1. Can you tell me how many residues within the range 214-232 are surrounded by 19 or more Cβ atoms within 10 Å (Cβ to Cβ) and not in a loop (DSSP other than H, G, I, E, B)?
2. Exactly one of (1) open to solvent by 30 Å² or more (accessible area, probe 1.4 Å); (2) at pLDDT 95 or above; (3) of a type outside the set (Phe, Trp, Tyr) is unmet by His334. Its number?
3. So, in the range 90-123, exactly how many residues are within 19 Å of Leu340 (Cα to Cα) and assigned to a helix (DSSP H, G or I)?
4. What pairs come up if the first residue lies in the range 78-94 and is within 16 Å of Ser327 (Cα to Cα), the second is of a type in the set (Lys, Arg) and open to solvent by 20 Å² or more (accessible area, probe 1.4 Å), and their beta carbons are under 6 Å apart, counting only those six or more places apart or on different chains?
5. So is Ala79 among the aliphatic types (A, V, I, L, M), open to solvent by 10 Å² or more (accessible area, probe 1.4 Å) and touching an Asp or Glu at 6+ places or on another chain (Cβ under 8 Å) or not?
6. Considering (1) closer than 25 Å to Gly92 by Cβ; (2) surrounded by fewer than 18 Cβ atoms within 10 Å (Cβ to Cβ); (3) β-branched (Val, Ile, Thr), say which one Val323 fails and leave the rest.
7. Looking only at the range 7-44, count how many residues are among the aliphatic types (A, V, I, L, M) and under 24 Å from Pro343 (Cα atoms).
8. Out of the range 24-47, which residues are open to solvent by 20 Å² or more (accessible area, probe 1.4 Å) and either among the polar types (S, T, N, Q) or within 25 Å of Ala264 (Cα to Cα) (or both)?
Amino acid sequence: MPAAAAHQRMAWLDALRAVAALLVVYAHFTHFLFRDVRAFTSSWLNAGVAGVMLFFLVSGYIIPASLERHGDLRRFWVARAARLFPLYLAVGVAVVLVLPVAPYLKEHPAAGTIAHLTMLPQFSGYDLVTPVMWTLSFEMAFYLLVAGLFALGAHRASAPIAVVLAVAAVATVPLPPRQLFSPMLPLAIAAVLIAGLAGLLSKRRAAVVAGALALIALVLALLFASQDPSHVWDGLLIPAVMFTGTAIYRAEKGQIRKRHAAVAAAAVSVACLINWFAELRSLNALTPVYMTRAVITLVIIGGSFAIGFACRHRRVPRSLAWVGVISYSLYLIHVPVFVLAGPWLRDHFHGAAQIPAATVFLAALLGLSWLAYRYIELPGQRLGKRYDRPGEPGPLRRPDHAMAGQAGGGVRPDERRVAVGNGGQKRVG
């Protein structure tokens, strides 16, 4: 498929990432400007949750396509590292140099650095360099699960996995926080991660299976027993949402029945409402207004994805797709920028003056995000592509005819446009 056609085919995902990123930016920006607007809208929509959950849903949809397009795990991980790490490291170093570092991280720089290098710091118990990096920990956990399942030949079980995680989320809520915490935990995570990936990427089947099982066990242990206190209510819902996206992808490609994906989406949606209501009850806030907000938030997440999916064969606004392309940079950069400039904006602009101030500031933020994409993200991706030579055999490479069926008849998603957690940003991304 020509590159331009592939880009156009994936533009609907860029648009969804743009919506997700803008929801998150709105949630954070309105702490400083338009606080009256925030006070009104926050009673009816949790914009931050809607944004990151939409990121996770999109990531769950696109990551299996990326894995199967590459055809083997080594190329997949090279592409992921090239896609995520350059900007992740650049932002982390910049924040450490410019902003005050959290005391616990400052007291334990080696352990904190190792925790961040694994991209699983959210589960380590150490402070994050910048708060939005929590989504990348869930993204990494999902990558490890998907890669392990792919190695074991169980990668098409996404729908039942989503249902199991949804049931487990309801059955175990709230999760016990940080049961595994130890000063040595980041080192232990890094050791299992390195050993597991080494086995997963080897050419010996026994080592591949052992590596896959080790990585899956690591992720499950972190999800169930090492959650940060801020995610004891939704720590299992997040991977459930991501596997729902995977189930939708597989149903679209005819790899599983559509009703199985529908059951998974319904189960995860119900689990989200149950756990969100349970969290509200724990805060003595289970009121009609907040219950309605939870339902509206869920509708925004699912409705946005449904609209994007329904329009996937149509052109999307170029401006929206462009924001989606730079969404990873926008997601990682916006909080440090807000920390630096937000208090000044809050103190100097009031009333109608907030409109031009916000316009100029957000335009500058988008420009800075584009520069980060152009000069950090793209060079990293190009470096990764130097090691992606489809003509060379790799570990766990499947026959071309099998891969054509798994990847949906030759669909080649644009790797430049896969974001975290977008979640981050978590990404999302």
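The values are calculated or read from the model by the stated rules, or taken from the named source; none is laboratory data. Since this is a predicted model, take the numbers as computed values, not measurements. Methodologically, a virtual Cβ is constructed for each residue, glycine included, from the backbone with ideal geometry; neighbour enumeration extends over all protein chains shown. These area figures cover heavy atoms from the full protein model, side chains too; ligands, DNA and RNA do not enter into them. Shrake-Rupley method; radii C 1.70, N 1.55, O 1.52, S 1.80 Å.
1. The qualifying residues number 9.
2. (1) is the only condition that His334 fails.
3. 10
4. The qualifying pairs do not exist here.
5. It is true that Ala79 is among the aliphatic types (A, V, I, L, M), open to solvent by 10 Å² or more (accessible area, probe 1.4 Å) and touching an Asp or Glu at 6+ places or on another chain (Cβ under 8 Å).
6. It is condition (2) that Val323 fails.
7. Qualifying residue count, the range 7-44: 9.
8. Once the filter is applied, which keeps residues that are open to solvent by 20 Å² or more (accessible area, probe 1.4 Å) and either among the polar types (S, T, N, Q) or within 25 Å of Ala264 (Cα to Cα) (or both), the range 24-47 yields Thr41, Ser42, Ser43, Leu45, Asn46.
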